[in-house]
Amino acid sequence: MMEILAKAPVEPVGAVTYGTAEGLLGSVWLLVAIPLVSAAILLLLGRRADRWGHWLGVASVGVAFLLGLTYFFQLRGVENRSVELSLWDFIAVGDLRVDFGLLFDPLAAVFVLLITGVGFLIHLYAVEYMAHDPGRRRFFAYFNLFVAAMLLLVLGNNYVMLFFGWEGVGLASYLLISFWYVRPAAATAGKKAFLMNRVGDAGLLIGIFIMFATLGTTQYDEVFSGVGSLTATTVLLLGLLLLLGAAGKSGQFPLQAWLPDAMEGPTPVSALIHAATMVTAGVYLIARSNPIFSANSTLQLVVVSVGALTLLLGAIIGMAKDDIKRVLAWSTVSQIGYMFLGVGLGGAAYALAIVHLLAHGFFKANMFLGAGSVMHGMKDQVDIRRFGGLAKYMKITWLTFMAGWLAIIGLPPFSGFFSKEPIIVAAFERDDWTAWLFGMAALLGAGLTAFYMTRLFVLTFHGPARWTEEIDHPHESPKLMTIPLILLAVGSIGAGALMVGPVPEWLEATAGLGGGSEAAHETVLSHLAITILSIGVTVIGAGLAWFLFRRGTATEPQPAGVLVTAARKNLYTDAVNETVFEKPGIFLTRALVYLDNRGIDGLVNALAAGVGGGSGRLRRLQTGFVRSYATSILAGALLVVAAFLAVEAGWLV
Amino acid sequence: MSDFPFLSVLTVAPLVGALVVAVLPRRRPELAKQVALGWSLLVLALSVVMWVTWQTGGDRFQFRESYPWIPNWGVNFTFAADGIALVMLMLIALLVPLVILASWHDAESSKRSVPVYFALLLVLECTMIGVFAAADVFLFYVFFEVMLVPMYFLIGSYGGHQRQYAAVKFFLYSLVGGLFMLAAVIGLWVVGGKTFDWVALSQVDISTGAERWLFLGFFIAFAIKAPFFPFHTWLPDAGGAAPAGAAALLVGVLDKVGTFGLLRYCLPLFPDAARWFAPWALALGVIGIIYAALLAIGQNDLKRLVSYTSIAHFGFIGVGIFAFTSQAATGAVLYMVNHGLATGLLFLVVGMLVARRGSALISDFGGAGKLVPLLAGVLFFAGLASLALPGTAPFISEFLVLIGTFSVNKPVAVIATLGIILAAAYVLWMVQRTTQGTLNPALTEVEGMKRDLNLREKVVVAPLVALIVLLGFYPKPVTDVINPAVQATMQDIGKTDPAPSAGTPQEASR
């Protein structure tokens, strides 16, 4: 364990080369093509596919998962464990050569398994969850579109392909958040998500431009091999722009505000896109670009700071929310903060962040689907103050949710203990006083996580029932929903312990991630002390929440102190966005519309009216069209003659 | 086959068709429509043959023909196409039949003759083909001006609200620009050895002062036509008042004459002046991107909104042209094609919505997706193409313009990149206010809103949607044609792409 926690030196990786995909691996493009074709069929056939469309959607992801597994095992036998597949010249102009190409390496492979594996279970669940929705076929079309785009994102062999998938998942996310588009809140939330993501996307794009301007390429292998020749400033700038893109997609500070609003979408969407997969694309981007991030320690410090800040921010806000999905959403923000912390620490912590990402994919998807199951049985109620005592009415949901709860708060032997605690240890391993800063932040975050998750769990499943009147008998969900829950719960329990060893080892073949063989770095506290501390804060946080909420809570908003009020209002981050960007923006567009009509166009019309001899003439010009045409011709002729004279006389030359 | 006089035949054929349609009896409007559609399809078929005949990697100018016109002045009917003209000709030939089909019932609400409407569309096609096919500066100028006439009548006679005002404004504004160009054309004739032949003129050495004045004469005409900020205010009026089909051609093709003119005339004929004025042109372009996008966000009229988005897109094209790198210039040309497809589609779909509702005001819609889901879906798709989402063709062109500009001018490229955020804002807000949210009760009472896309409308949008996706994944067939012409233009102005500056201090400061 200690060996893989070693910190890699801050220096560029050597030359990066990928093999060529041959044999079975040559068909790796099928992973993207199958869900994409399925989405196209569902959209193009329209109502004709209503009866069976959802099963096509489920099957396409299932097949992709089986293929992914096959490729995964194939890859083990390949030297370097990294193969490229170039499909066609995407963009080829001058020196710019962008390949429509794929890269299948250990990092891509684990993402493929996560996306298609968890994705398949959530697709299956959605068949039942969306059964009564008239738009179910459209839902599955968008869901398939998402899977295809996400697979392209992780499989691309250059940054333009990544951007292609990146925007594709953004589109799918928009479509699914505003799936119930007649609800104004859903339409607004979708737009907000897309817009905030575009801010990050602009950063990512400029980063790609820098790669081309300095290295003349956007292919992963060439960029990573060339990082060493870049100046420190260029690397810093490049990394910060990639980080901006990552922050947008992953809901990290300062672009976190869209993610909780994204809960307006159907719950399976929240589980797959806004918890398990898409929002972790930022972590993927940083892990994939590790040769860039590892090459500049300032850059790493910024990533670590963003991660630490966001993990605390998300946890604090999560403690004050009453909407079951929003608590889980802020929890996602917070947990991805841990992953950013991990990838920011660099070295062996890259792999730890990926382990946490995979574990989180299981337990958070599990809990979101559990929340969906609760809502299903409670007539779409989402307010945890209106639940209570559900444990005996929905036993499977309760037990599976419990697995997720124990996993996220990180008690041994559940998966969070194996995936989150090593990141906390790694944070304490930094060279200077920042070890204390980031280590304590990560430790504090663990306590807060235990508090808000226990509050959610207790208020939902235990204590007295506080249901609204129309609910007489809550019911457990059908099998099609509980089976995915059970499978995900098994994953939540076991995934951490099973993955913490083999996954980092497997990832070592990924370009730049093989630096874990150096001697372990000293932590400022002993490993044992940190483990005891982190279990301690978890028990304290969970115990406190249990004590406070075991008898339920008030069903109406209660007066609160400064901190709780601030947390309820998302620590005023939305208010800042509104006053700094939204309101001035609206004012600016209105002012410009006025200016354009009165200013520039006013000038144009005044000029025309002046030529025509008095205002008001312009509107009547059509009656005297020939006359004005003649005037114009005369003016033109004069101009021509003058020009001729000028040229002949040599004034202008 | 390469000896066939494609360009003159393509220019004249729509004119003949127009005459045939115009003399058809006014009480047989269906026949007029069918003849016009059939004729435009023939033109399309011939253009496809021309495309196939084109030799990629062959001469820069192909299909050259020349006939004497006014020998005393050295004016000839000279036609020739380079790759840039070829792709624009294909765009015209593709869009016109679709516009005719989309405009099937547009002229019926007007008191004017239906056959004349379709005849005017064919006349417009003739002038548009002529202006891109001309290789004689005087011939180009004549087509450039004559093109205004059919569009003037299309807007003024068949348009919507404020059509007379918009038509006159469009006509006069363009005419003023044309006069500047006329002056420059004559000036060029004087200093260029009394010839109007493009090839001859491109060999001429002109003194610095004269070159700058001549450049400016052409530039102002093209900047008005394109239009670039601050010469843009005629476009929202014209685009807002024109029938949707005519607006699609106006923004999709006719305005491209401005950017095409910059590439064909301003850059190769006045290379030194082009380099001298480039910073100013880049500034106009980048201001246009941000300014017009902000204005588009603030519009409450669908057609005016689309017009403003186009002004922002023309800003991108302008930046691409004046960045002088092969990526940016290829991007700009590709942008001209892709924008024709995407904004053409957007205008046509908006036209279908407006025709159903009887109003172009966004506030008259709301929740329309519930009533016409397919139409709303196509509107959304056209919006995605307009905001240059990867997977749609405009992404490639916008990406090329930006990446090509970044390698030589970072501030311009960075500001222009911010335009992609604003593009998302105007598209998504427009989509939200028209098709999403609570259903506007007034909509349910409008008879037209009960019908989703019919077969005719599906046939109109399907080829555009398919092409936008196809070229979004595989742009090579178009870029292969454009690339050599762009390389030649780069040589004309004496610019080469910068080598990647791997961050070594001396090189980075270059």
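The values are calculated or read from the model by the stated rules, or taken from the named source; none is laboratory data. Bear in mind the structure is a predicted one, so any value in this text is a computation, not a measurement. All Cβ positions, even for glycine, are placed from backbone atoms using ideal geometry, and neighbour counts span all protein chains on display.
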Please verify whether residue A:146 is within 30 Å of residue A:53 (Cα to Cα), more than 11 Å from every other protein chain (Cβ to nearest Cβ), more than 13 Å from the chain's Cα centre (by Cα) and in a helix (DSSP H, G or I), treating the condition exactly as stated.
no
Would a scan of the stretch B:127-139 turn up a residue that is within 14 Å of another protein chain (Cβ to nearest Cβ) and either assigned to a helix (DSSP H, G or I) or in contact with a Cys (Cβ under 6 Å, 6 or more places away or on another chain) (or both)?
yes
Scan B:255, B:272 and give me the residue that is among the acidic types (Asp, Glu) and either more than 14 Å from every other protein chain (Cβ to nearest Cβ) or touching a Pro at 6+ places or on another chain (Cβ under 8 Å) (or both).
B:255
Taking the stretch A:80-104 and the residues there that are more than 12 Å from every other protein chain (Cβ to nearest Cβ) and over 20 Å from residue A:33 (Cβ atoms), the one that is surrounded by the fewest Cβ atoms within 10 Å (Cβ to Cβ) would be A:80
Among (1) more than 15 Å from the chain's Cα centre (by Cα); (2) of a type in the set (Phe, Trp, Tyr); (3) within 11 Å of another protein chain (Cβ to nearest Cβ), there is one condition residue A:174 misses while meeting the rest; what is its number?
(1)
Just one listed residue, out of B:366, B:404, B:340, B:377, is within 11 Å of chain A (Cβ to nearest Cβ), small (Gly, Ala, Ser) and closer than 17 Å to residue B:466 by Cβ, and it is B:377
Conditions (1) within 30 Å of residue A:590 (Cβ to Cβ); (2) under 27 Å from the mean Cα position of the chain (by Cα); (3) more than 9 Å from chain A (Cβ to nearest Cβ); number of the one not met by residue B:425:
(3)
Run down B:496, B:438 and say which single residue is surrounded by fewer than 21 Cβ atoms within 10 Å (Cβ to Cβ), assigned to a loop (DSSP other than H, G, I, E, B) and either without any contact (Cβ under 8 Å) to a residue 40 or more places away in the chain or in contact with a His (Cβ under 9 Å, 6 or more places away or on another chain) (or both).
B:496
On the basis of being hydroxyl-bearing (Ser, Thr, Tyr) and either in contact with a strand residue (DSSP E or B) (Cβ under 6 Å, 6 or more places away or on another chain) or at the interface with chain A (Cβ under 7 Å from one of its Cβ atoms) (or both), does residue B:397 make the cut?
no
When you look at residue B:181, is it over 21 Å from residue B:216 (Cβ atoms) and more than 8 Å from every other protein chain (Cβ to nearest Cβ), yes or no?
no
Looking only at the stretch A:218-232, which residues are more than 8 Å from chain B (Cβ to nearest Cβ) and of a type in the set (Val, Ile, Thr)?
A:218, A:223, A:227
List the helices (runs of 4 or more DSSP H) inside the stretch A:570-634, counting only whole elements, that have at least 3 residues being modelled with pLDDT of 60 or more, over 22 Å from residue B:295 (Cβ atoms) and of a type in the set (Gly, Ala, Ser).
A:601-612
Report yes if some residue within the stretch A:102-125 is assigned to a helix (DSSP H, G or I) and of a type in the set (D, E, K, R); otherwise report no.
no
Looking at the structure I just gave you, is residue B:167 buried (at least 23 other Cβ atoms within 10 Å of the Cβ) and at the interface with chain A (Cβ under 7 Å from one of its Cβ atoms)?
no
Filter the stretch A:172-186 down to residues that are part of a helix (DSSP H, G or I), surrounded by fewer than 21 Cβ atoms within 10 Å (Cβ to Cβ) and in contact (Cβ under 8 Å) with a residue 24 or more places away in the chain, then give me how many there are.
1
Residue B:417 passes all but one of the listed conditions (1) more than 26 Å from residue B:354 (Cβ to Cβ); (2) of a type outside the set (A, V, I, L, M, F, W, C); (3) more than 7 Å from chain A (Cβ to nearest Cβ); the exception is number (3)
Has the stretch A:189-211 got at least one residue that is more than 27 Å from residue A:512 (Cα to Cα), more than 9 Å from chain B (Cβ to nearest Cβ) and small (Gly, Ala, Ser)?
yes
For residue B:218: the one exception among (1) closer than 20 Å to residue B:307 by Cβ; (2) more than 12 Å from chain A (Cβ to nearest Cβ); (3) among the aromatic types (Phe, Trp, Tyr)
(1)
Against the condition touching a Phe, Trp or Tyr at 6+ places or on another chain (Cβ under 6 Å), at pLDDT 90 or above and not in a loop (DSSP other than H, G, I, E, B), how does residue B:431 come out, does it pass?
yes
Can you tell me which residue within the stretch B:49-85, out of those that are in a helix (DSSP H, G or I) and free of Cβ contacts under 8 Å to residues at least 40 places away in the same chain, is farthest from the chain's Cα centre (by Cα)?
B:72
From the residues in the stretch B:471-493 that are modelled with pLDDT of 90 or more and assigned to a loop (DSSP other than H, G, I, E, B), which one is surrounded by the fewest Cβ atoms within 10 Å (Cβ to Cβ)?
B:474
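Going residue by residue through the stretch B:303-324, is there one that turns out to be of a type in the set (D, E, K, R) and closer than 17 Å to residue B:423 by Cα?
Within the stretch B:303-324, one or more residues are of a type in the set (D, E, K, R) and closer than 17 Å to residue B:423 by Cα.
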Taking the condition at pLDDT 85 or above and within 25 Å of residue B:392 (Cβ to Cβ), does residue A:29 pass?
yes
Take the residues of the stretch B:156-174 that are in contact with a Pro (Cβ under 8 Å, 6 or more places away or on another chain) and not aromatic (Phe, Trp, Tyr): which is farthest from residue B:220 (Cα to Cα)?
B:160
Just to be sure, is residue B:238 in a helix (DSSP H, G or I), more than 8 Å from chain A (Cβ to nearest Cβ) and free of Cβ contacts under 8 Å to residues at least 24 places away in the same chain?
no
